[in-house]
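The values are calculated or read from the model by the stated rules, or taken from the named source; none is laboratory data. Because the structure is predicted, anything quoted here is derived from the model rather than measured. Note that each Cβ is placed from the backbone with ideal geometry, even for glycine, and that neighbours are counted across all protein chains shown.
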Amino acid sequence: MSATGLKTWSALSDRRKRPTEYELVTHGLHYRTRNPDAPYELDPNLFMNLWYKTHVNAAKLQHDDWDDFRDPDAVIYRTYTALQDTNEGYVDTLLDEHDRAGYDAGLSAEWVAALARLYTPARYALHTLQMSSAYLAQMAPGSTMTNCAVFQEADAFRWLCRTAYRTCELRKRFPQAGFGAERAVWEEDAAWQGVRELMERTLVAYDWDEHLVALTLVAKPAIDEACVRQLGAAARASGDSLLAMLHDAQWRDVERARRWTSALMHYACTRDGNAAIIDAFLAKWVPLGERAIAAYCAALPGRPDAAATAIAATRAFRSELGFTH
């Protein structure tokens, strides 16, 4: 077809229906997939080219056309910012109204100690999720995947900022409770060491396919189920309705992430052999994820079944996708 005869972008001209706004701004954007020997169109032996060839081109998980994957929510920058403007406005209202009401003064001493140990150190976990999602965005072999990972990175950063905001509020109200000194808790407290090991290992899983599986099927679900859902349930039971509502709001992002993860895994498994590759990765990573859940949930007050519930939820998520681990 000549250039003058094109009625749409050439990469989408073989499709029978008009491409959507989502397809126009997310499909086929990676120049680094054009030349397998020089992904970044520089010296083939340049470090960044060798890195990409090793950790993407030579990865175990392959597909004939990664760009044909579609995010079921079709999220793009315009729709993401519109959605989060509404959600962030809701969170702003929650925080402002509770602050004006002097809400923190009503928290029990026991729960304040739990917040300093189990909630505010989550800034570090969220930052590792942000970094891990950023690496996936950089290394994913399809631009529609990169698009999903970028917004997952943004989700982690948004909730990191909200957690930091609450840390400052709590430190002002309880200056002797340890708020603001969370690094030591993250690095030393037994409750966080499983999460820390899980995320540190995820961050050095350099092959894009293993990183994808470790992050989206193990690490993020483990943190979401333990540090969001189970901590939210403990907050509600302890009379902290603010944290419970914040985590309810955060869960909407979790659900969206799981939708694109599920769609990507179903798409990947349309190629023979990929399901077995993913299951092999899961055999390595799931024990780390479940140890992280168990260590964290063991510290939750009044939640003796938290670990079992969270582990069962992560297993159910993977089982629904057809995986055995």
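Restricting the range 1-50 to residues that are among the hydrophobic types (A, V, I, L, M, F, W, C), at pLDDT 65 or above and farther than 18 Å from Trp66 by Cα, the residue that is surrounded by the most Cβ atoms within 10 Å (Cβ to Cβ) is Ala38. Gln138 fulfils the conditions (1) within 22 Å of the chain's Cα centre (by Cα); (2) farther than 30 Å from Ala82 by Cβ except for a single criterion, (2). Within the range 252-266, does at least one residue satisfy the condition of being over 16 Å from the mean Cα position of the chain (by Cα) and modelled with pLDDT of 95 or more? Checked the range 252-266: at least one residue is over 16 Å from the mean Cα position of the chain (by Cα) and modelled with pLDDT of 95 or more. Within the range 259-272, being in contact with a Lys or Arg (Cβ under 9 Å, 6 or more places away or on another chain) and either surrounded by fewer than 19 Cβ atoms within 10 Å (Cβ to Cβ) or without any contact (Cβ under 8 Å) to a residue 24 or more places away in the chain (or both) holds for one residue alone: Ala263. Filtering Glu88, Glu97 for residues that are out of contact with any Pro (no Cβ under 8 Å at 6 or more places or on another chain), over 28 Å from Ala257 (Cα atoms) and part of a helix (DSSP H, G or I) leaves a single hit, Glu97.
Yes or no, residue by residue, for (1) at pLDDT below 95; (2) crowded, with 22+ Cβ neighbours inside 10 Å; (3) among the aromatic types (Phe, Trp, Tyr); (4) more than 18 Å from Ala219 (Cβ to Cβ):
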{"site": "Ala137", "(1), (2), (3), (4)": "no, no, no, no"}
{"site": "Gly142", "(1), (2), (3), (4)": "no, yes, no, yes"}
{"site": "Thr146", "(1), (2), (3), (4)": "no, no, no, yes"}
{"site": "Tyr165", "(1), (2), (3), (4)": "no, no, yes, yes"}
{"site": "Glu169", "(1), (2), (3), (4)": "no, no, no, yes"}
{"site": "Lys172", "(1), (2), (3), (4)": "no, no, no, yes"}
{"site": "Pro175", "(1), (2), (3), (4)": "no, no, no, yes"}
{"site": "Ala184", "(1), (2), (3), (4)": "no, no, no, yes"}
{"site": "Glu188", "(1), (2), (3), (4)": "no, no, no, yes"}
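Condition check for Ala116 on (1) assigned to a loop (DSSP other than H, G, I, E, B); (2) farther than 23 Å from Ala257 by Cα: one failure, at (1).
Taking the range 90-135 as the range and being surrounded by fewer than 22 Cβ atoms within 10 Å (Cβ to Cβ) and touching a Ser or Thr at 6+ places or on another chain (Cβ under 6 Å) as the test, the residues that pass are Trp111, Arg123. One residue alone among Ala234, Ala307, Ala312, Ala295 is surrounded by fewer than 20 Cβ atoms within 10 Å (Cβ to Cβ) and part of a helix (DSSP H, G or I), and that residue is Ala312.
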